[in-house]
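Q: There's a structure below that I have some questions on.
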Amino acid sequence: MKPIHMNRLSWPDYRDRVQKEGATVFLPCGATEQHGPHLPLGTDHLLSAAVAESVAARIDGIVAPPLAYGYKSQPKCGGGQHFCGTTSLDAATLIGQVRDTVREFARHGVKNLVLCNGHYENQWFLTEGIDLAIRELGANPPIKVMRMEYWDFFTTPTLDRIFPEGFPGYALEHAAVLETSMMLHYHPDLVRLDLIPDDGPADFPPYDLYPPNTEWVPPSGVLSSAKAATKEKGGWMVEELTDRIAATLRKEFG
């Protein structure tokens, strides 16, 4: 199998790979954010990179180094900014980083670029960065960009299989069954099953306050329990994600 990591290729090897017709480059986008006492701070960018690597191996793609800092953690989907270790960017900083990176990939000759997002709060700022880059590249940009949140590729049958008692929703799944199961599949050495708290699901009101009310968030930072997480469930999810994302890229990029 060919090397898939951009940062392990020489520049001539990288140039030859990306300028090949149909070549796809993945840019994982995540965050450095608390994920309870049982998961590492890098969970979001570790998972987005791992998903990108699984798909890249399937379609002969290349995975760029991840954007490891994301937009500010929000209480209702990431626990909030009050946890030690959560290290976030202002919106303008993230937008600028994405704009510059997309523009650079276009300069390299990359024709197909996939931003694989693993941090819920990033979505619209990634979109804005892409939009600004495409605008700067002119009326006929030389690059086609796809932005995806990997969890959108889970199907209802898979979620029903993982959550036989009902899916609590993606926002409350922060550091819970989905992420913990996928980390058990990809990075089992980084998961502390003995430290999984039995918190949640968190009960948030239908509004936000500024400054945020940190008492809404369980002290562990976990928004619903990860007790039901297993490596087997992670394998089910990874298989489905890899199949469905690869099929989507073949359809859109040819």
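Q: Which pairs have Cβ atoms under 6 Å, sit 6 or more apart or on different chains, and link a residue in segment 167-182 that is among the small types (Gly, Ala, Ser) to one that is outside any loop (DSSP other than H, G, I, E, B) and surrounded by fewer than 22 Cβ atoms within 10 Å (Cβ to Cβ)?
A: 171/76; 171/77; 181/233
Residues are listed down the side, and each one gets a yes or a no for (1) at pLDDT below 95; (2) in contact with a Cys (Cβ under 9 Å, 6 or more places away or on another chain):
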{"site": "148", "(1), (2)": "no, yes"}
{"site": "158", "(1), (2)": "no, no"}
{"site": "165", "(1), (2)": "yes, no"}
{"site": "178", "(1), (2)": "no, no"}
{"site": "182", "(1), (2)": "no, no"}
{"site": "190", "(1), (2)": "no, no"}
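Let's see how each residue does on (1) among the aromatic types (Phe, Trp, Tyr); (2) over 11 Å from the mean Cα position of the chain (by Cα); (3) modelled with pLDDT of 95 or more:
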{"site": "4", "(1), (2), (3)": "no, yes, yes"}
{"site": "8", "(1), (2), (3)": "no, yes, yes"}
{"site": "11", "(1), (2), (3)": "yes, yes, yes"}
{"site": "14", "(1), (2), (3)": "yes, yes, yes"}
{"site": "29", "(1), (2), (3)": "no, no, yes"}
{"site": "42", "(1), (2), (3)": "no, no, yes"}
{"site": "46", "(1), (2), (3)": "no, no, yes"}
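Q: Go over the candidates 98, 51, 55, 25 one by one and state the one that is among the aliphatic types (A, V, I, L, M), in a strand (DSSP E or B) and surrounded by 18 or more Cβ atoms within 10 Å (Cβ to Cβ). Steps first, answer last, please.
A: On the way: 98 fails: in a strand (DSSP E or B); 51 fails: in a strand (DSSP E or B); 55 fails: in a strand (DSSP E or B).
From the options 98, 51, 55, 25, the qualifying one is 25.
Q: If the requirement is being under 28 Å from residue 59 (Cβ atoms), more than 20 Å from the chain's Cα centre (by Cα) and crowded, with 22+ Cβ neighbours inside 10 Å, which of these qualifies: 114, 110? Steps first, answer last, please.
A: Details: 114 fails: more than 20 Å from the chain's Cα centre (by Cα).
Matching residue, one of 114, 110: 110.
Q: OK, next. Give all pairs with beta carbons closer than 7 Å in which a residue from segment 118-137 that is over 30 Å from residue 173 (Cβ atoms) meets a residue that is surrounded by fewer than 17 Cβ atoms within 10 Å (Cβ to Cβ) and of a type outside the set (A, V, I, L, M); count only pairs at least 6 apart in sequence or on separate chains.
A: Qualifying pairs under 7 Å: 134/141.
Q: For residue 202, all conditions in the list (1) touching a Ser or Thr at 6+ places or on another chain (Cβ under 6 Å); (2) assigned to a loop (DSSP other than H, G, I, E, B); (3) aliphatic (A, V, I, L, M) hold save one; what is the number of the exception?
A: (1)
Q: Which one of these is closer than 18 Å to residue 150 by Cα, among the β-branched types (Val, Ile, Thr) and surrounded by 14 or more Cβ atoms within 10 Å (Cβ to Cβ): 222, 177, 217, 191?
A: Sole residue among the options that is closer than 18 Å to residue 150 by Cα, among the β-branched types (Val, Ile, Thr) and surrounded by 14 or more Cβ atoms within 10 Å (Cβ to Cβ): 177.
Q: Would you be able to tell me the number of residues in segment 183-198 that are over 20 Å from residue 51 (Cα atoms), in contact (Cβ under 8 Å) with a residue 40 or more places away in the chain and not in a helix (DSSP H, G or I)?
A: Of the residues in segment 183-198, 3 are over 20 Å from residue 51 (Cα atoms), in contact (Cβ under 8 Å) with a residue 40 or more places away in the chain and not in a helix (DSSP H, G or I).
Q: Here's a follow-up. For segment 117-146, how many residues meet the condition of being among the β-branched types (Val, Ile, Thr) and surrounded by fewer than 20 Cβ atoms within 10 Å (Cβ to Cβ)?
A: Here is the first cut: in segment 117-146, the residues among the β-branched types (Val, Ile, Thr) are 127, 130, 134, 143, 145.
From the residues that got through so far, the ones that are surrounded by fewer than 20 Cβ atoms within 10 Å (Cβ to Cβ) too are 127, 134.
Number of matching residues: 2.
Q: Just give me the residues in segment 147-164 being touching a residue at least 40 places away in the same chain (Cβ under 8 Å), buried (at least 17 other Cβ atoms within 10 Å of the Cβ) and not in a strand (DSSP E or B), in sequence order.
A: Selection gives 150, 153, 154, 158, 162.
Q: When you check residue 215 against the structure, is it over 14 Å from residue 51 (Cα atoms) and either aliphatic (A, V, I, L, M) or not in a loop (DSSP other than H, G, I, E, B) (or both), yes or no? I'd like the intermediate steps shown before the answer.
A: Details: over 14 Å from residue 51 (Cα atoms): yes; either aliphatic (A, V, I, L, M) or not in a loop (DSSP other than H, G, I, E, B) (or both): yes.
So residue 215 fits the description; yes.
The values are calculated or read from the model by the stated rules, or taken from the named source; none is laboratory data. Predicted, not measured: the structure shown is a model, and the values here were computed from it. Every residue, glycine as well, gets a Cβ built from its backbone with ideal geometry; the counts of neighbours run over all protein chains shown.
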